[in-house]
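Everything below concerns the one structure shown next.
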Amino acid sequence: ALNRPVWDQVEILVYYFLFPVLLFHSIVRSPLDLGAASSLIGAALTMGVIGIALSYALPFLPLIGRHVDARLHAASAQVAFRFNSFIGLALADRLAGPEGLLLLAVLIGFCVPLFNVGAVWPMARHAQRSVGRELLRNPLIVATVSGLIANVLGFRVPVWADPTLSRIGGASLALGLMAAGAGLRFSSLGRGKALTVAVLAIKHLLLPLVALGLSRAFGLSPVQTTILLAFSALPTASSCYVLAARMGYDGAYVAGLVTLSTLLGVVSLSFALGVLRT
């Protein structure tokens, strides 16, 4: 009833102001032991590389490769490994409190650059845009990298500013979740059926299984394992369709994938946290 232009402005407010403040505050308010978190970071980056490799390989697989349209694949490969930060931060706070929020914020800081490169790279050949410029202008990357640098240098938020920043962070989670729901689209799901099944299978089935194996290989603690499993099973980023449309690809098809991924996130998160974590 609020119409799409209203939610477009809400997404801009969250993306460029509220959400970066939440990320920066989440990282700097607690001392960060990069040594202790290095195993979790390594596991998440390894999982990301595996997800990117699997999505890139789809056109070359013997059974489904011939059914994959190259242009649709270039636009939708990102759906297989990107994640919805809004939902992830809200979930981490519920699962493990401030520690979980800090750990997920760190993962966002290290993984967003990698995942953005993976998303832009297949489409960059068909657009006159610099990958490096896109990354440097991303407010989420700026906030997380700034937070990591400030934390390592020992900067702490003044006590008088903490309540205001906490309220801004709370507003970002609430409005971000509402914007994610308002962005659901149910059209254009019929095109590229083989590609649709393959991309979503990587995102919602294979990556949680990979995360479980990596949590054991890297010897993660129970809290770190929980965060990694949740991270692996999150719905894909709602901005996938924005990126695809901006770079001249079929945004409607990618929007359909985002919608389906958001719905499947209920299943994959239940599978990751309710089955694999036990």
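Here, each number is a calculation from the coordinates, and none is a lab measurement. Only a predicted model underlies this, so the values are computations on that prediction, with no experimental measurement involved. Note that we place each Cβ from the backbone using ideal geometry, even for glycine, and neighbour counts take in every protein chain shown.
Once Rg and the Kirkwood radius are both taken over the C-alpha atoms of the range 1-109, their ratio Rg/Rh works out to 1.08.
Taking every Cα-Cα distance in the range 74-122 and sorting them into 10 Å bins starting at zero, the pair-distance distribution P(r) comes out as 27, 44, 24, 5 percent. Please determine, in degrees from 0 to 90 and to the nearest 10, the orientation of helix 34-57 with respect to the longest principal axis defined by the Cα atoms of the chain, where the helix direction is its Cα long axis. Between the helix axis and the principal axis of the chain, the angle is about 10 degrees. Write down the Kirkwood hydrodynamic radius of the range 1-60, to one decimal in angstroms, obtained as one divided by the mean of 1/r over all alpha carbon pairs. Across the range 1-60, the inverse of the average 1/r is 15.2 Å. Compared with the dominant principal axis of the Cα atoms in the chain, helix 85-124 is inclined by about 40°. Taking the longest Cα principal axis of the chain as reference, the axis of helix 19-28 is set at about 50 degrees. If you keep only loop residues by DSSP, which trypsin sites (Lys or Arg not before Pro) in the range 142-185 have at most 13 other Cβ atoms within 10 Å of their Cβ? Qualifying residues, ordered by number: 156. Would you kindly give the portion of the calculated P(r) for the chain that falls above 32 Å, as a percent of all Cα pairs? So the portion of pairs separated by more than 32 Å is 20 percent. Relative protection proxy for 50-61, 254-265, from highest mean packing down: 254-265, 50-61 (other beta-carbon atoms within 10 angstrom). Listed values for the range 140-148 are Karplus-derived 3J(HN,Hα) couplings in whole Hz (6.51 cos²θ - 1.76 cosθ + 1.60, θ = phi - 60°), namely 5, 5, 4, 5, 6, 5, 4, x, 5, and x replaces Gly and Pro. Rg and Dmax of the range 233-278, based on Cα coordinates, read 13.2, 44 Å.
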